[in-house]
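> Take this structure first; my questions come after.
The values are calculated or read from the model by the stated rules, or taken from the named source; none is laboratory data. In this text the structure is predicted, and so the values were computed from the model without any measurement. Glycine also receives a Cβ, built like all others from the backbone with ideal geometry; neighbour counts cover every protein chain displayed.
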Amino acid sequence: MSIKIFLSDSIAVAENEFRQFRRNRSAILISLVVLPFFFTAALGAGQGGAGSTYSPTARIPIAWVDNDNSLASVRLWQTLATSPDFRNLVEGYTEQGALAQLGTKRIYAVIVVPKGFQNDLESGNQARILLYTDDSEPGMSDQIESTLTSYTQNFDPNVEVQPYLSQLQRQSVAGVGIVTKGATFAGFNIGLTTVLAIVQIFAGFYEIAGGMSREREEGTYARLLVSPVPIGSIMLGKTLFDILLSVIRTFTVLGLSVYGYGARPNTDILTLLALSLIIALVTMGIGFVVAALKMGQRAVVIIEFFLILFLFAFSGLIIDSNLLVGVSQVISYLLPFTYAFDALKRTVLLGRPLLSLTYDLEYMIGSIIASYVIAFVLLHFSRERLIR
Amino acid sequence: MPEHAIVTQALTKNFGHFTAVDALNVSVAKGELFGLLGPNGAGKTTTVRMLCTLIEPTLGTANIVGYDIREQAAEVRRQIGVVSEGVSLYKDLSIEENLKLLSTLYEIPRPKAEVRIRELMDMFAFREKSGRLVGALSSGWAKKAMICAALLHSPQVLFLDEVTSGLDPQSAIGLQDFTKKQCEQGVTVIWTTHYMGEPEKICDRIGIMFAGRLVQVGTPDELKHSVSELSVVEVETPGLSQGQLEKLKARLKEMRQVYRVKYVDPKLEVSCERTDTLAEEVASTLLGIGARIRAINTKDPTLEETFIALTGGEEEIDRFLESGGQKA
């Protein structure tokens with residue numbers, strides 16, 4: 001079979017999907033209107049819209065260790081603690097005790113005011129404060145340091161922040177360091193990352209797994225199988241059509257989030273679209289694997305329920321995957337959606353370029369390839385449901 | 001070009017411990033209309049599904065117009081057309097849209113496909129309904145649409161699996177005539193059914209399947225004569241009660257092997273192992289249980305009666321059907 005025929009078959013399958021979709025008003029309504037609008041509106045209402053303050057450091061637990069116990073150090077503490085950017089300064093630790101907490105996920109940074117701080121300031125010398133961070137979250141140390149520096153500079157230009165990175169950065173697993181950690185972000189930005197992923201996963205999975213199981217039940221899949229069309233063309237055709245729907249959904253969610261709920265993503269539209277489509281492809285791959293297991297439509301709905309449950313529990317959607325322990329964390333690291341959420345947050349919230357997220361991208365693309373290969377093999381070697 | 005359109009060699013399909021098709025050996029000539037006859041669960045549809053490359057045989061193999069179903073499945077699919085309950089058209093598309101999709105998948109050049117689609121639309125008087133969605137068609141028209149789809153690429157072998165079920169008698173007869181014409185044009189047809197009357201009327205040869213095995217193959221006449229030890233009497237005996245019928249069965253069974261006793265007031269049909277005295281035995285038994293006899297005569301067995309005799313009798317078939325297709 002030539003590539004030309006393979007592609008022509010794929011396009012014919014995609015066109016066929018489109019023709020059927022066009023005639024199915026409820027599918028159009030649910031897939032392109034209800035799902036994106038419902039999730040965006042629901043999260044938008046819950047998370048507040050435009051006007052929220054942006055602070056990636058506000059809720060991060062940071063230990064405050066005052067070894068100087070002077071008027072100047074207390075004033076600095078007051079300046080920071082009453083600011084919108086350091087709402088979670090934790091007192092009561094000794095320096096050793098606070099440093100020992102780094103990496104335990106109770107404390108992510110330690111600010112130490114050394115002895116002699118006030119004397120240095122009074123004598124016009126440069127006064128240092130020390131900042132220790134675990135840096136398990138790439139970019140977060142820089143955020144804390146720069147925010148802290150801006151406050152100390154306003155407090156007294158002679159105050160210098162001396163940063164120290166903990167050894168813990170080497171222990172963190174690259175690519176799975178969900179960025180929230182108590183940070184707050186502008187407007188609907190976190191909501192946008194959640195909605196983009198959930199909408200693609202919800203719709204993409206059912207469109208592939210549910211669609212294939214419906215075709216099996218109605219006998220149209222068997223119609224394709226008795227024709228010379230290869231399995232690969234069927235998979236590619238369905239994928240092409242679903243990519244089209246995913247693009248429409250991405251723009252719907254993005255439009256509503258930006259214009260309706262004041263999201264201000266720190267990335268460009270192409271990055272968002274690319275990530276959104278990668279998530280859709282990860283989902284479609286899993287959908288094909290489920291479809292290859294020859295389940296009925298009811299079973300597909302149940303599996304989708306569990307898939308979403310897994311997402312909420314283990315993918316860093318609600319709980320930072322770094323906060324999970326034991327088996328939960330292993331599951332979290334295995335799920336490709338964990339990397340998807342991580343990549344979305346790093347781009348939308350922190351403005352990291354997509355191509356810098358190599359580990360996330362590698363894992364997701366690897367998942368796509370693996371799931372498509374597994375689905376292809378399963379579909380190829382058991383062409384039809386075994387009917388007695 | 002091979003002499004035979006279909007040749008199977010020990011074709012077997014197991015589902016776990018259950019053998020749906022058991023070492024099927026059959027050859028079907030080019031242009032032949034071959035009937036596969038058997039009750040539900042006999043293995044007909046599984047056989048067709050293996051030949052259509054929808055399911056993989058457990059053992060054995062088959063050739064369709066020279067192509068091996070295991071090794072050259074894609075080529076086999078180009079040579080066959082399938083009409084089966086499990087193989088449907090897209091309900092949300094019109095018949096014309098369905099045919100256009102299939103013409104692309106069968107790599108028929110567009111101008112040629114358009115001509116062929118028009119030809120089929122005319123043949124089945126579909127012109128006025130060409131734009132109507134398949135889901136909105138009546139079952140008869142939907143079946144015709146499926147036949148159109150199966151014929152689109154001018155296949156050399158056509159599988160018609162239980163194709164007349166759900167059709168009105170007129171449409172069924174029309175379809176039978178159409179199928180015969182296809183065979184005259186060189187198309188080989190496999191016609192599977194559990195309606196006993198159908199293959200007798202139209203098929204060149206019939207294979208009787210039961211419990212996954214091909215019990216007998218031959219022309220309708222050959223099959224009827226193959227059961228030389230079968231005797232059938234037909235009695236007109238009005239008002240026979242259930243009790244009388246049971247007594248009749250019990251007494252006849254004491255004398256010989258009875259394949260079937262069928263009673264639809266006033267007609268009673270008894271088929272059993274061959275004997276010259278069956279009419280006398282039935283008459284005397286009936287009179288003995290107080291039944292009235294208006295007429296009695298012996299007759300040649302029908303294909304249905306032959307089928308029942310070949311498969312071990314009506315009770316054996318009942319046991320088979322009750323067991324969900326597993327031979328007792």
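> Tell me, yes or no, whether segment B:59-73 has at least one residue that is more than 10 Å from chain A (Cβ to nearest Cβ), at pLDDT 90 or above, surrounded by fewer than 23 Cβ atoms within 10 Å (Cβ to Cβ) and closer than 23 Å to B:Phe307 by Cβ.
Within segment B:59-73, not a single residue is more than 10 Å from chain A (Cβ to nearest Cβ), at pLDDT 90 or above, surrounded by fewer than 23 Cβ atoms within 10 Å (Cβ to Cβ) and closer than 23 Å to B:Phe307 by Cβ.
> Go through B:Val270, B:Val258, B:Val282 for me and flag whichever is surrounded by 14 or more Cβ atoms within 10 Å (Cβ to Cβ), modelled with pLDDT of 80 or more, in contact with a strand residue (DSSP E or B) (Cβ under 8 Å, 6 or more places away or on another chain) and under 26 Å from B:Pro39 (Cβ atoms).
B:Val270
> Within segment B:119-130, is there a residue that is within 31 Å of the chain's Cα centre (by Cα), surrounded by 18 or more Cβ atoms within 10 Å (Cβ to Cβ), in the same structural domain as B:Leu54 (by TED's automatic domain parsing) and hydroxyl-bearing (Ser, Thr, Tyr)?
Within segment B:119-130, not a single residue is within 31 Å of the chain's Cα centre (by Cα), surrounded by 18 or more Cβ atoms within 10 Å (Cβ to Cβ), in the same structural domain as B:Leu54 (by TED's automatic domain parsing) and hydroxyl-bearing (Ser, Thr, Tyr).
> Is it the case that segment A:220-234 has a residue that's of a type outside the set (S, T, N, Q) and more than 14 Å from chain B (Cβ to nearest Cβ)?
There is no residue in segment A:220-234 that is of a type outside the set (S, T, N, Q) and more than 14 Å from chain B (Cβ to nearest Cβ).
> Another question, if that's okay. Tally the residues that are surrounded by 11 or more Cβ atoms within 10 Å (Cβ to Cβ) and either among the aliphatic types (A, V, I, L, M) or under 20 Å from B:Tyr259 (Cβ atoms) (or both), restricting the search to segment B:286-302.
Residues in segment B:286-302 being surrounded by 11 or more Cβ atoms within 10 Å (Cβ to Cβ) and either among the aliphatic types (A, V, I, L, M) or under 20 Å from B:Tyr259 (Cβ atoms) (or both): 11 in total.
> Considering each of A:Thr53, A:Thr79 in turn, give the residue that is surrounded by fewer than 20 Cβ atoms within 10 Å (Cβ to Cβ), at pLDDT 85 or above and either of a type in the set (S, T, N, Q) or in contact with a Pro (Cβ under 6 Å, 6 or more places away or on another chain) (or both).
After ruling out the rest, the residue left standing is A:Thr79.
> Sticking with this one: Test B:Gly166 against the stated conditions and say whether it is in a loop (DSSP other than H, G, I, E, B), in the same structural domain as B:Ile80 (by TED's automatic domain parsing), on the phi > 0 side of the Ramachandran plot and modelled with pLDDT under 90.
yes
> Six or more apart or on different chains, Cβ atoms under 7 Å: show the pairs whose first residue is in segment A:99-119 and outside the structural domain of A:Trp77 (by TED's automatic domain parsing) and whose second is of a type in the set (Ser, Thr, Tyr) and surrounded by fewer than 19 Cβ atoms within 10 Å (Cβ to Cβ).
Qualifying pairs under 7 Å: none.
> Let me ask you something else. How about segment B:86-117: which of its residues are facing chain A (nearest Cβ under 7 Å) and over 15 Å from B:Arg132 (Cβ atoms)?
The answer is B:Gly86, B:Val87, B:Ser88, B:Leu101, B:Leu102, B:Thr104, B:Leu105, B:Tyr106, B:Glu107.
> Answer yes or no: is there a residue in segment A:302-310 that is surrounded by fewer than 24 Cβ atoms within 10 Å (Cβ to Cβ), under 15 Å from A:Ser213 (Cα atoms) and either in contact (Cβ under 8 Å) with a residue 40 or more places away in the chain or outside the structural domain of A:Gly262 (by TED's automatic domain parsing) (or both).
Yes, there is a match, as at least one residue in segment A:302-310 is surrounded by fewer than 24 Cβ atoms within 10 Å (Cβ to Cβ), under 15 Å from A:Ser213 (Cα atoms) and either in contact (Cβ under 8 Å) with a residue 40 or more places away in the chain or outside the structural domain of A:Gly262 (by TED's automatic domain parsing) (or both).
> Name every residue in segment B:173-193 that is surrounded by 17 or more Cβ atoms within 10 Å (Cβ to Cβ) and either within 24 Å of B:Pro301 (Cα to Cα) or modelled with pLDDT of 85 or more (or both), in order of residue number.
Selection gives B:Gln176, B:Thr179, B:Gln182, B:Cys183, B:Val187, B:Thr188, B:Val189, B:Ile190, B:Trp191, B:Thr192, B:Thr193.
> Applying the selection to segment A:240-259, what residues are under 14 Å from A:Phe18 (Cα atoms) and either among the small types (Gly, Ala, Ser) or surrounded by 18 or more Cβ atoms within 10 Å (Cβ to Cβ) (or both)?
A:Phe241, A:Asp242, A:Leu245, A:Ser246
> May I pose another question? Conditions: (1) touching a residue at least 24 places away in the same chain (Cβ under 8 Å); (2) assigned to a helix (DSSP H, G or I); (3) crowded, with 17+ Cβ neighbours inside 10 Å. B:Gly135 meets all but one. Number of the miss?
Going through (1) touching a residue at least 24 places away in the same chain (Cβ under 8 Å); (2) assigned to a helix (DSSP H, G or I); (3) crowded, with 17+ Cβ neighbours inside 10 Å one by one, B:Gly135 breaks only (3).
Results for (1) β-branched (Val, Ile, Thr); (2) under 15 Å from the mean Cα position of the chain (by Cα); (3) surrounded by 24 or more Cβ atoms within 10 Å (Cβ to Cβ); (4) modelled with pLDDT under 85, shown as yes or no for each residue.
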| residue | (1), (2), (3), (4) |
| --- | --- |
| A:Leu168 | no, no, no, yes |
| A:Phe188 | no, yes, yes, yes |
| A:Leu192 | no, yes, yes, yes |
| A:Leu196 | no, yes, yes, no |
| A:Gln200 | no, yes, yes, no |
| A:Gly204 | no, no, yes, no |
